[in-house]
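Visitor: I have a structure I would like to understand better, so I am pasting it below and will then ask my questions one at a time.
The values are calculated or read from the model by the stated rules, or taken from the named source; none is laboratory data. As the structure is a computational prediction, the values presented were derived from the model and not from experiment. Counting neighbours? That spans all protein chains shown, and the Cβs are built from the backbone with ideal geometry, glycine included.
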Amino acid sequence: MNQECNASKKVHLRQCHCFNLRQVTLAVTALYDKYLQESGITAQQYSILWHSKELGPLSITELASAMNLDRTTLSRNITLLTKRGLLETLPSTGRRRLVQLTGQGQAVFAQAYESWQQAQQQLESRLGKKQMSQLEDLLAQLMG
């Protein structure tokens, strides 16, 4: 009976879209973290640096919105990246605090970009270009 119950749970989990997408997210993040490790940043930190580079100085609220992250998670990573000298907080008036990429942050981003490209190629080699493109389309549909 216990084996039947366990088998039933496994079937149920395989059919759970949320569980499957979370598992894929963990696996893909681990792959990118492995490639980015040489640069000393994580996949999430790479994304923060990328958004900072592309969008320029932003408040934490604006950056959180652009990245679809909660402010707490983002603030924790911004603190780490600021301590490492990769991001800096600009002097501001009022409560709005802007963060931007530093020169050192740009250098780390440039190094990490090469590692990111390798991770991209690794992921693409697993699925092929056509399926990767289809996956990107499906994910875009899910994100609305």
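Visitor: Within the stretch 71-93, is even one residue of a type in the set (G, A, S), modelled with pLDDT under 95 and either under 15 Å from S39 (Cβ atoms) or surrounded by fewer than 17 Cβ atoms within 10 Å (Cβ to Cβ) (or both)?
Guide: Looking through the stretch 71-93, at least one residue is of a type in the set (G, A, S), modelled with pLDDT under 95 and either under 15 Å from S39 (Cβ atoms) or surrounded by fewer than 17 Cβ atoms within 10 Å (Cβ to Cβ) (or both).
Visitor: Just to check your reading of the model, which residue among V99, V108 is over 30 Å from H17 (Cβ atoms), among the β-branched types (V, I, T) and in contact with a strand residue (DSSP E or B) (Cβ under 6 Å, 6 or more places away or on another chain)?
Guide: V99
Visitor: Could you give every pair whose Cβ atoms fall below 8 Å, whose first residue belongs to the stretch 81-108 and is under 9 Å from S52 (Cβ atoms), and whose second residue is of a type in the set (S, T, Y) and in a strand (DSSP E or B), counting only separations of at least 6 or pairs across chains?
Guide: Close Cβ pairs satisfying both conditions: V99/S59; V99/T89.
Visitor: Against the definition (exposed (fewer than 12 other Cβ atoms within 10 Å of the Cβ), modelled with pLDDT under 95 and over 30 Å from N20 (Cβ atoms)), how does G56 come out, yes or no?
Guide: So G56 fits the description; yes.
Every residue, every condition in (1) in a helix (DSSP H, G or I); (2) out of contact with any Lys or Arg (no Cβ under 6 Å at 6 or more places or on another chain); (3) more than 30 Å from H17 (Cβ to Cβ); (4) among the charged types (D, E, K, R), yes or no:
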residue	(1), (2), (3), (4)
K34	yes, yes, no, yes
L69	no, yes, no, no
T73	yes, yes, no, no
A119	yes, yes, no, no
E124	yes, yes, no, yes
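Visitor: Restricting attention to the stretch 24-53, which residues are closer than 19 Å to L86 by Cα and surrounded by fewer than 14 Cβ atoms within 10 Å (Cβ to Cβ)?
Guide: Passing the criteria: Q37, E38, G40.
Visitor: Please count how many residues of the stretch 56-67 are part of a helix (DSSP H, G or I) and of a type outside the set (A, V, I, L, M, F, W, C).
Guide: Residues that pass the stated criteria total 3.
Visitor: Would you point out the residue of the stretch 108-144, among those that are surrounded by 13 or more Cβ atoms within 10 Å (Cβ to Cβ) and among the small types (G, A, S), that is nearest to Y32 (Cα to Cα)?
Guide: A119
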